[in-house]
1. Can you tell me which of B:P40, B:P20, B:P185 moves the most in a GNM of chain B? Springs connect C-alpha atoms under 10 Å apart.
2. Which part of the range B:124-142 falls in the paramagnetic zone of A:Y8, meaning amide N under 15 Å from the point 7 Å along Cα-to-beta-carbon?
3. Find the all-direction average of the projected area of the Cα convex hull for the range B:48-93, expressing the result in square nanometres with one decimal place.
4. State, as an integer percentage, the relative contact order of the range B:2-201 based on alpha-carbon contacts under 8 Å between residues 6 or more apart.
5. Under Stokes-Einstein, with the Kirkwood radius over Cα pairs standing in for Rh, what whole-number D in µm²/s applies to the range A:1-93 at 4 °C and 1.567 mPa s?
6. May I ask you to derive the relative contact order of the range A:71-236, considering only C-alpha pairs under 8 Å and at least 6 residues apart, and to give it as an integer percent?
7. For a distance above 21 Å, tell me the whole-number percent of Cα pairs in chain A that qualify.
8. What is the sum of charges, Lys and Arg at +1 and Asp and Glu at -1, for the other residues whose Cβ falls under 10 Å from the Cβ of B:Q88?
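Laboratory data are not the source of any read-out in this text; all were calculated from the coordinates shown. Keep in mind it's a predicted model, so treat the numbers as computed, not measured. Positions of Cβ are generated from backbone atoms using ideal geometry, with glycine treated the same way; all protein chains shown enter the neighbour counts.
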Amino acid sequence: MNKQSNTYTIIYIIVLVVVVGTALAATSLALKDRQQENINADKMSQILNAALITPDKKDVVAEFDKYITEQFVVNERGEKVEGVNAFDVDVAAQIKLAADRRELPVFVCTVADGSHKYILPVYGAGLWGPIWGYVAFDSDGSTIYGAYFAHQGETPGLGAEIEKPAFSSQFEGKQVFKDGRFRPIAVVKAGQQPLNGEDYVDGISGGTITSKGVGSMLDNCLTPYKKFLQGLGQERQ
Amino acid sequence: MADKINNKEVLFNPLSKNNPVVVQVLGICSVLAVTAKLEPAIVMGVSVVAVLAFANVIISLLRNTIPTNIRIIVQLVVVAGLVVIVDQVLKAFAYDASKQLSVFIGLIITNCILMGRLEAFAMANKPWPSFLDGVGNGIGYALILIIVGFFRELLGSGTLLGYQIIPQSFYDAGYVNNGLMILPPMALILVACIIWVQRSFNKDLQEDN
């Protein structure tokens, strides 16, 4: 048999691709459930991290069920939307929609002292790829209780520092409503101040584009929650 | 040639005398990318050992059937398939590590060591020596990755595997982490230092002027 003939070559590559394709499909199917579990557990632990709870890896799911007492979806007017599961909302897809058409998930976390924290997801772009996070608000709808950020492929040691507590803990205690106006937190170069007088945190030196990405992510993703957060504040008064 | 191959040499030569990174200078790109911290460097090293060993065996088994015209494509398909499997397995069983390495696992496909070994060794040798060659070269690559990762994390962040190594009293006394270590150029400089040290021990690697 002529191994250099076109027929042999074509049949060879077809067989090879089918075999490799089957192997990949089989692996993917076999591991899918485990992977999805990991992804869900990871998301739960990120949400809890925003409320300053760091669960042990093994009991993430139990801890999540214990602390997150309510999850719902609101729209831009701050009204609850029925029939949508907050945990399953794909924030990455939602931010591409106009603000008034987005489904905005809210996770209510009851912390140890019995007070409610409202955890909102954010999603945006860093330097190399997507960045995302969760921001937890106090029940006044303005004070940030905690924040958690993560990234896909920012430069280690530079942009990747946004996932460190050293960066995210700066957000604690900042206010998004200042003098009655809604202004999400700015991220500026260390030592500088934003022009509009809003609350701000220091960016990462050497990670300027990622830091700016965090700033615009907060702008873009928290602004649609304005009515909802306002509502929280008024409810309390 | 095939029957004269000494299995021991095949396995151990790539560790030092014929190291893929510091002697053949292959696979430098991933050395820059994943070595800012030690842990991703280790996971990356292990993944490359696995992919390289199995790809070598598979190509070696197929070597007499592969049409010459498309041998590079066949090699690529086998490597790409294995890399995706490794990526899936990591996602299922070592989710944190796979999150850290993100795209770099996928980039094993483009690692020149793999194509180099498949083309130069597995295409001409039996499966068992090919397997040893894959393991040897993979470990040779992993060794360099781990050495570079060790120094970059220790000097750049003051930690190893995430644990603080440099005591707080050093920082109080004015010691500062070397931010330059985190940047990719320092990986190249470290690799160059390893090459320097290695050649000063192995006289036969030194080139005549």
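1. B:P185
2. Answer for this model: none.
3. Values: hull surface 12.7 nm².
About 3.2 nm², averaged over all directions.
4. Details: 267 pairs, mean separation 74.2, N = 200.
After rounding, I find 37 percent.
5. Values: Rh = 17.6 Å.
It diffuses with D of about 73 µm²/s by this estimate.
6. Answer for the range A:71-236 is 22 percent.
7. Numbers: 17213 of 27966 pairs.
Percentage above 21 Å: 62.
8. Details: positive: A:K32, A:R34, B:K91; negative: B:D87.
For residues surrounding B:Q88, the net value is +2.
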